[in-house]
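Below: the structure, in structure tokens.
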Amino acid sequence: MDSSEVIFIVLLALVGLVVGSAVNVAIVRVPEGASMITSRSKCLSCETELAIRDSIPVLSWFMLRGKCRTCAARISPRFPIVEFITALIWAMLAAYALEHETLGLLPLLLIASAILIALFVIDLDHKRLPDRLTFLMYPVVLIGFVIDGLSTGNWPIGSALIGAAVWLLPIGGMWFLSAGRGMGMGDVKLAPALGLILGWISVGSAVAGLILAWLIGGVVAIGLIIFRRASSGSAIPFGPFLVIGFWLGVLIGAALSEGYLGAVIN
């Protein structure tokens, strides 16, 4: 990796910090139906508008020692964690795109990552995936496909549609058969968008990502029941597992599917 690539990764990580701050705003405001752009961020306790010096990603939380400058109320460490994770993911995606020569797909993966981080946290907090963010995935996917297609000359529309079907049919079927008790409608709405992206990469990536989402979700659910953090009838949000399965599908799905097919054939 040469110096220009390192600089590229570092710059995207810094931009990711700023994007992570916007993700935090979405996590707080979208479930409330509030606008994300008409007002500055406020303390959640005293509602004092935050000064610029108190809005620096990650650093401000440490400088304030995790407390509001005005009312001294505790500021959740989740805010700098989300900012740091967003920056880390952007850096990792930049490195991945450089290594695998998939820079055309990078804009889609970067924007999708920000939306999915917000959905991940919101689903954990509120056990729902807001349409406002879920439906935003679809124009992002469409624009991302156009950028990648124009940059590479490759338009795997057929495999993308197969990927969408691979994700939609079992998740939609689970929702239908359980009358919404075993799977939320938000999961059904999100699944095709994730399947489209993975299918654009390869059908194997889509299949592997979905299988991993189910496996990880099942293991976590069993663990929660064993340690009495949930019962067999507890509602466990599945959106976070869809997101985890999606990213594993992006990063290792193709390798897993090719390895499995190679083992079967041999």
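The values are calculated or read from the model by the stated rules, or taken from the named source; none is laboratory data. Not measured: the values here are computed from a predicted model. As a convention, Cβ positions derive from the backbone with ideal geometry for all residues, glycine included, and neighbour counts pool all protein chains shown.
Here are the numbers for the structure shown:
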| item | result |
| --- | --- |
| Candidate set from the range 48-72 (those that are in a loop (DSSP other than H, G, I, E, B) and under 16 Å from ASN24 (Cβ atoms)); member that is modelled with the lowest pLDDT | LEU50 |
| Residue list for the range 224-253, filter: modelled with pLDDT under 90, within 18 Å of ASP123 (Cβ to Cβ) and assigned to a helix (DSSP H, G or I) | LEU224 |
| Selected residue (only one of ALA73, ALA22, ALA26, ALA51 is free of Cβ contacts under 8 Å to residues at least 24 places away in the same chain and of a type in the set (Gly, Ala, Ser)) | ALA51 |
| Breaking point among (1) within 22 Å of SER4 (Cα to Cα); (2) not assigned by TED's automatic domain parsing to the domain that holds PRO80, for ALA97 | (2) |
| Residues satisfying the stated conditions in the range 141-158, i.e. surrounded by fewer than 19 Cβ atoms within 10 Å (Cβ to Cβ) and assigned to a helix (DSSP H, G or I) | LEU142, ILE143, VAL146, ILE147, GLY149, LEU150, SER151, THR152, ILE157, GLY158 |
